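The values are calculated or read from the model by the stated rules, or taken from the named source; none is laboratory data. Nothing here was measured: the structure is a model prediction, and the numbers come from that model. Glycine also receives a Cβ, built like all others from the backbone with ideal geometry; neighbour counts cover every protein chain displayed. With ligands, DNA and RNA removed, areas are computed over all heavy atoms of the protein, side chains included. Shrake-Rupley method; radii C 1.70, N 1.55, O 1.52, S 1.80 Å.
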Amino acid sequence: MAKALSAAPVQAEDWVGEDVTPADVERALWQLRDASAQETEGPDQRTSVMTHLAWVPAEWREAAVDTLAGLRERHPSRGILLFPEPSAVDGIDARVSVLAFPQEGGRRNVAAEVIQLTLRGRRVKAPASIVTPLLVTDLPVFLRWRGELPFGAPELEQMVGLCDRLVVDSREWKDPAGAYRELRSLFEQTAVSDIAWRCTRPWRRSLAGLWPGIAEAGELRITGGPAAEAMLLVGWLRSRLGRPVELVHEASRQIESVAVDGAVVPVPREETDSSSDLLSAELDELSRDEIYEEAVRASV
């Protein structure tokens, strides 16, 4: 997995606006680009590989900003963070900044653009018209949705319609079983990534290493870990075996042990990826993950 470089970014002065339009934001972005070129040594190299959207309710704001900062130059992109405030007076507030990262062995710089939009009142229900003019033409669009997915809500339907890949973390959901049933309807609309699924990968490898003995498994007992991870693990096993497997789960923060029909599964090597590392790995994926989709279908 690619790691962030240690070079410190050079940041142009932020632009902040209240009650703005998408055209105001575009204009500010171009002005800050010019400013960053003057403040860095040598010409800026624009190497955006995607537009990275993030839908960020208030309780996830700090975590989302920290995660985006951790991505740094690993994924040169235009990042657009949407902060919905449905109870506020109608309008859009914005903060725009450009980051330039000096590269080793040369004078050129890679720039990352960050647009933070606070959608107030009725603007929450019409994000597509606001975001579309700000997308980078002809590049894939990744959407990270923090927290619960409001299935059937216009904001989710519009944003899914814009993105090539939806990235969620089902550990953030209060009722993953119910959400998995609804999530299946999105599989034909866009590629879906789940950070909880990636977190189960070490245990899936350990379980796969028990083949062919695991073929007769009747019970999967998981001690610890969030419900989402346990459900995805048993869903994966059911989908691979093509038959029911009973799940017995005692929830806590982290999976401590896994047993198949009473036989303890070898504990995998611990992976200590940060939230930025986990998201970065999902941003490297471009195609649908059919094994994940099958695991979700079999989990409930």
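Points to keep in mind about this one:
- Relative contact order, whole percent, for the stretch 186-300 stands at 37, derived from Cα pairs under 8 Å and 6 or more residues apart.
- Here the spin labels are modelled as points 7 Å beyond Cα on the Cα-Cβ line, and at residue 300 and residue 151 they lie 0.5 nm apart.
- Contact order for the chain, expressed relative to its length and based on alpha carbon pairs under 8 Å spaced 6+ residues apart, stands at 17 percent.
- The chain, accessible surface, carbon-and-sulfur percent (1.4 angstrom probe): 50 percent
- Phi-derived couplings, Karplus 6.51 cos²θ - 1.76 cosθ + 1.60 at θ = phi - 60°, listed residue by residue for the stretch 136-150: 7, 4, 6, 10, x, 10, 9, 10, 9, 9, 8, x, 5, 8, x Hz, with x used for Gly and Pro.
- Distant-in-sequence amide contacts of residue 289, defined by a placed amide H-H separation under 5 Å and a gap of 5 or more residues or a different chain, comprise 192.
- Between residue 23 and residue 274, the C-beta separation translates, for a Förster distance of 35 Å, into a calculated FRET efficiency of about 0.45.
- Over the stretch 225-295, the fraction of Cα-Cα pairs per 10 Å bin, rounded to whole percents and listed from the shortest bin up, is 16, 41, 36, 7.
- The calculated FRET efficiency for the pair residue 267 and residue 125, based on their C-beta separation and a Förster distance of 41 Å, comes to about 0.30.
- Sequence-distant residues sharing a close amide H with residue 144 (under 5 Å, placed H): 53, 54, 55, 167
- Where trypsin sites (Lys or Arg not before Pro) in DSSP loops with at most 10 other Cβ within 10 Å are excluded, longest remaining stretch of the chain: 4-173
- Summing Lys and Arg as +1 and Asp and Glu as -1 over all other residues whose Cβ lies under 11 Å from the Cβ of residue 176 gives a net charge of -4.
- Mean separation of Cα contacts under 8 Å, 6 or more apart, over the residue count of the stretch 86-224: relative contact order %: 16 percent
- For the chain, accessible area per residue (1.4 Å probe, heavy atoms of protein chains only), Å²: 47 Å²
- Rounded to the nearest whole Hz, the Karplus-based 3J(HN,Hα) values (6.51 cos²θ - 1.76 cosθ + 1.60, θ = phi - 60°) of the stretch 255-265 follow the sequence 5, 9, 7, 9, 9, 10, 6, x, 8, 6, 7, with x at glycine and proline.
- The chain, dipole about Cα centre (Lys/Arg Cβ +1, Asp/Glu Cβ -1), debye to the nearest 20: 480 debye
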